[in-house]
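Reading through the structure tokens given below for one structure.
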Amino acid sequence: MTTTQPGRPTPAGVGRRTVVATGAAGLGSATLGGRAAALPSSPSPTPSSREAAAAARHRVFQHGVASGDPLPGAVVLWTRVTPTPAARPGSGRGPRTEVRWEVATDRGFRTVVRRGTFVTSAGRDHTVKLDATGLRPATWYFYRFTAVGQRSRVGRTRTAPATDASPRNLRFGVVSCANYQAGWFSAYRHLARRDDLHAVLHLGDYLYEYEAGYYGAGDVIVRRHEPTGEIVSLDDYRQRHAQYKTDPDLQDLHARAPFITVWDDHETANDTWSGGAENHTPGSGPGGEGGWRRRRARAHRAYDEWMPVRLDGTARLGDGTRLHRRLRFGTLAELSMLDLRTHRSRQVAVPAVDPAVSDPDRTITGREQMRWLKASLSRDTAQWKLVGNPVMIAPVTFAALPADLVGPVDDVTGLLPRDGLPYNVDQWDGYTDDRRELFAHIRDRGIKDTVFLTGDIHSGWASDLPFDRGLYPLASETAGVELVCSSVTSDNLKDILGVPPRTASVAVERVILAANPHIKYLDFDSHGYSVLDVTPARVQMDWYVIGSRLDRDTPATWSRSFATRAGTNKVVAVDRPVA
Amino acid sequence: MHAAAAPHVHRTGRTDPAVATDRRTVLKVAGAGGLALTFSTALGAPSYAAGNRDRRRAYVLVVDGCRPDEIDSGLMPNLAALRAGGRHFPRAHSLPVMETVPNHVMMMAGVRPDRSGVPANEIYDRALGETRTMDRARDIRTTTVIERLNRRGFRTGTVLSKDYLYGVFGERATHRWEPFPLLPVTDHAPDLFTMEAALGMVEELDPHLVFVNLGDVDRVGHSDLTGGSLQVLRRAALVSTDLQVGRFVSMLRSTGRWQRSIVVVLADHSMDWSRPDRVVSLTAPLEDDLLLAGKVAVAQNGGADLLYWTGPARQRDRAVERMLAVARATPGVLSAHDRARSPRLRLGPNAGDVVAYCRAGWRFSDPTVVANPIPGNHGHPATRAIPFFIGGGHPAAARAVSSTLATTVDVAPTIAEFFGLRGAPRGGWDGVSRI
């Protein structure tokens, strides 16, 4: 999503960011403490004894295990090995390494159903990614890796139901926008403690590209980014991915359930579009970050290496970077995951007055992906058409907001240009012709039960998607509904305002809800996660919120639930979360 | 539904229902409201005492033109309750052409139009050389589940609010109610009378299967000039029809039939409303084409136009290409299909050479743009979503919600399985039992 903060430092100018010393120091040492557990030091060791101790305590599997993109007979398995202490992520060092993998039906690996070996090297940053095939549908499996005499932790994963199966339900964790510098990933920890998730949908901004010290928890940098500069090179992106994957909560969640992911902008750079990004300085001059396509290719390469995702339909590297894909869950649901960054036209510069927001030649999906998405929705293969949608599709307009609030709201959502007119040009609101085309397709084909699942905007929303917003609710026909999860840690409105929860934001929410009757729920204040439960009768989203993102042990509590009943294309409030 | 009063490119040879009075007996019974009801019964039909003593009962209630979301509108609490307590198929839809007659025929035949012979309400009859309504009993070219039940000694009944449905199903059922009174504009019997007949038939004649069409929601939807955003009359019809369904359920409970019955509730299609300026008329652009002029018949079906090449057979392929091009270039047309090369449509030759669908919010009007003034239409893909659920106290209607696709063609195999009928049409059912 769009992130803007006044006084942003240059990549080298970390000192321009105010860091609360106590928080940063204390929390930073905690991070270092964690790393020290893997690489401990002893008082005044001799070089030889230090090397021997390091070798003895060297951990081959430092970045956890993961699985993803479940199919009825296959799932992607992932890990990263560090065969020698020198083989650090992004270092380009370390030997070719053979990694054995096993898949079993039990945690004790008494019944191993698939096994094999995978050779990795510095050329792929010692990542391991493979498609474990020949599995049974709708089945829990356990997997692990072995390399250099060490064994990884055990991961748990689940295959998708058979294409002709009619599962009673599907349950997904839903998350987005996890800024390492802004807090602890408590949302991941609480999700990992659940035993009922068939998969986790990560809707983008899995990591942030910013340099250390910029864009934290307001003025607090809870944990400093590595590498310290804004990530631009392939090695930079690899190191940043690696850093995020050292987070124990994220590791636990990856080990608990398969992930289904899409990238948004920050996996590459803020406000990415097909030809550049707001946070990209082209060229080789001072501050220049090189050519855009080269930078994006590096980001996508690192994403392919480090994420349990099939790009271009395979787990192989280097065979394409097409991210949009379908995942089928029997007759109950089909999930279409979108890439709304790679093919989009540039965001308009002056949203309030620029008619280009409705220019049919501008696109957020790209033409090929739009054709593919329309075909996805038209297929008679499953009841619920779920769309993994990195940026919000519901139209949002505003009545007058107090001038003092326009800036902070804009920082969170990008929704308000300074003159208060109603466009968020980084979302579908900036590409209205694509939205019109998609909604017309849904209406023309009589498509029901389309649910857009969205991240990006650091706030919780539940909304109908009217064909004609101007006539809603008088003409109450809708194209579907949208459910937006809050951020794991990234700034929301109260963070930017620096006020307690449920104070200043409440008035803003009321104004927005009043001006947009199709929006039924809005929470500008909370960080957390969502749980999506899909049955033939309805799709329900439960929002869970954490306490302070600065508190590593913060609890999570249920906040609100909304559901859309089959055939209605509308959201309604529900009084309790799924059991 | 087609525009009832709309003229067509060729003269409509609408025929009267061919009810042969010499092959039926007439039974007059008093309805619950003191209304005199008249049922015709096939000669030689088994009496209750002499016929099949099976106590199971199946009732198929078609809420004509109902959209699935209307069940959730709060205006139809009886239908919502019936759905909540039964087997619900939220992923249900109508089948091409999304019109009344073909989908009712599919419900009872269990096969698609390429096998039933009934692809639309209106066709161009090549033998007659004119367009006509498919309202003749011989239009159905297969054996329906009604006849299959009759052969096994079960008694069947039809209570159909629309004259053309009464015509196309003819004398197939053991007991038939002829729709009365027919309203002059909508050409259907109001639901109050239709339900009175259904209640009377069940209570007096007690057929094993009763097939009911409730036409108010559809007919009011067609003619509701407030359609689109307000839909005032439509909403009133939803309330009224729901009350009639509530009466039917109450009767089943009060007469002890509920526990041994299933009640299949569905629609034949849904409904879409168009503005007066969103009208597609293909006749003029077809006439403007040198190859096609004077050689294309158009059977207008509201949301779908069926185009028939009437010129030399050797020019057919070229003509189809031209018809497709003309249709696709016309604003408001969603898609046009070469019927013979679109096997998934399964419409058969009676549907002509080209099938054109309009976009949501549009309608066809041929031969002129004023020929179809009706705002509410169906037949196009926007109108394919339907409610489909099976209520009742019989275990076959046990509460469940399924994500499997259910369509109108599933009704006949469902009824057949419920009554334990063996066998299927030659070539098998096109539908699937939903119990």
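Remark: segment B:237-243, residue by residue, has Karplus-estimated 3J(HN,Hα) of 5, 4, 4, 5, 5, 4, 4 Hz, where x stands for each Gly or Pro and the curve is 6.51 cos²θ - 1.76 cosθ + 1.60 at θ = phi - 60°. Report the Rg/Rh value for segment A:56-159, based on alpha-carbon coordinates and the Kirkwood definition of Rh. Reported Rg/Rh, Kirkwood definition of Rh: 0.99. Packing, as the average of other Cβ atoms within 10 Å across residues, places the peptides A:276-288, A:439-451 in the order A:439-451, A:276-288, highest first.
Please average, across the residues of A:438-446, the number of beta carbons from any other chain that are within 10 Å of each residue's own beta carbon, and give a whole number. Counting Cβ atoms of other protein chains within 10 Å of each residue's Cβ and averaging gives 6.
Each Cα pair of chain B feeds into the Kirkwood radius, which the Stokes-Einstein equation turns, at 4 °C and 1.567 mPa s, into a diffusion coefficient of 60 µm²/s. Between the alpha-carbon centres of segment A:358-395 and segment B:135-203 there is a gap of 44 Å.
At 222 nm, what helix-only mean residue ellipticity would chain A give, in deg cm²/dmol to the nearest 500, using -39500 (n - 2.57) for each DSSP H run of four or more? Mean residue ellipticity, 222 nm, calculated: -6500 deg cm²/dmol. For segment A:471-544, the list of trypsin sites (Lys or Arg not before Pro) that fall in a loop by DSSP and count at most 15 other C-beta atoms within 10 angstrom reads A:502. Entry note, chain B: the mean residue ellipticity at 222 nm calculated from DSSP H runs of n ≥ 4, each adding -39500 (n - 2.57), is -7500 deg cm²/dmol after division by the residues and rounding to the nearest 500. The mean number of partner chain beta-carbon atoms within 10 angstrom of a residue's beta-carbon across peptide B:86-92 is 5.
Peptides B:95-104, A:55-64, ordered by how many other C-beta atoms sit within 10 Å of their residues on average, highest first, read B:95-104, A:55-64.
Within chain B, which is the longest segment that contains none of the trypsin sites (Lys or Arg not before Pro) sitting in a DSSP loop with at most 13 other Cβ atoms within 10 Å? Value returned for the longest uninterrupted segment is B:127-343.
Within a straight-line Cα-Cα reach of under 17 Å, residue A:245 can be paired with the following lysines, leaving aside sequence neighbours fewer than 8 residues apart in one chain: A:129.
Taking amide H positions as modeled 1.01 Å from N, with prolines and chain starts lacking one, the residues under 5 Å from residue A:392 and 5 or more places away or on another chain are A:428. For the protein assembly as shown, a Kirkwood hydrodynamic radius built from all Cα pairs, placed in the Stokes-Einstein relation at 25 °C and 0.890 mPa s, yields a translational diffusion coefficient of 79 µm²/s.
Counted over segment B:279-377 with a bin width of 5 Å, the fraction of Cα pairs per bin, in whole percents, is 2, 15, 26, 27, 18, 9, 2, 0.
Expressed to the nearest 5 percent, the antiparallel share of DSSP beta bridges inside the protein assembly as shown is 70 percent.
The mean number of Cβ atoms from other chains found within 10 Å of a Cβ in peptide A:563-570 is 5, as a whole number. Each peptide in A:389-396, A:557-564 receives the mean, over its residues, of other Cβ atoms within 10 Å, and ordering these scores from highest gives A:389-396, A:557-564. Note on residue A:448: lysines with a C-alpha under 25 Å away, same-chain residues under 8 apart excluded, are A:374, A:385, A:520, A:570. Where the centre of each part is set by its Cα atoms, how far does segment A:198-272 sit from segment A:483-515, in angstrom? Measuring centre to centre over Cα atoms gives 23 Å. Close amide H partners of residue A:480, meaning residues 5 or more places away or on another chain with modelled amide H under 5 Å apart, are A:465. Summary of the geometry: segment B:227-302 and segment B:335-411, compared by the centres of their Cα atoms, lie 10 Å apart.
Taking the DSSP bridge list for segment A:160-574 and keeping only pairs wholly inside it, about 65 percent are antiparallel. Only Cα sites of segment B:72-121 enter the Debye sum here, all with the same form factor; the resulting log10 I(q)/I(0) across q = 0.20, 0.21, 0.25 1/Å is -0.75, -0.78, -0.85, listed in q order. Could you give the Stokes-Einstein D for chain A in µm² per second, using the C-alpha Kirkwood radius, 20 °C, 1.002 mPa s? Approximately 89 µm²/s, per Stokes-Einstein.
Computed from Cα positions, the angle between helix B:191-205 and the longest principal axis of chain B comes to roughly 40 degrees.
Since every read-out is calculated from the coordinates, none of them should be taken as a lab result. Keep in mind that this is a model prediction, so the values were computed, not measured. A quick note on method: Cβ atoms are made from the backbone with ideal geometry, for glycine too, and the neighbour counts reach across all protein chains shown.
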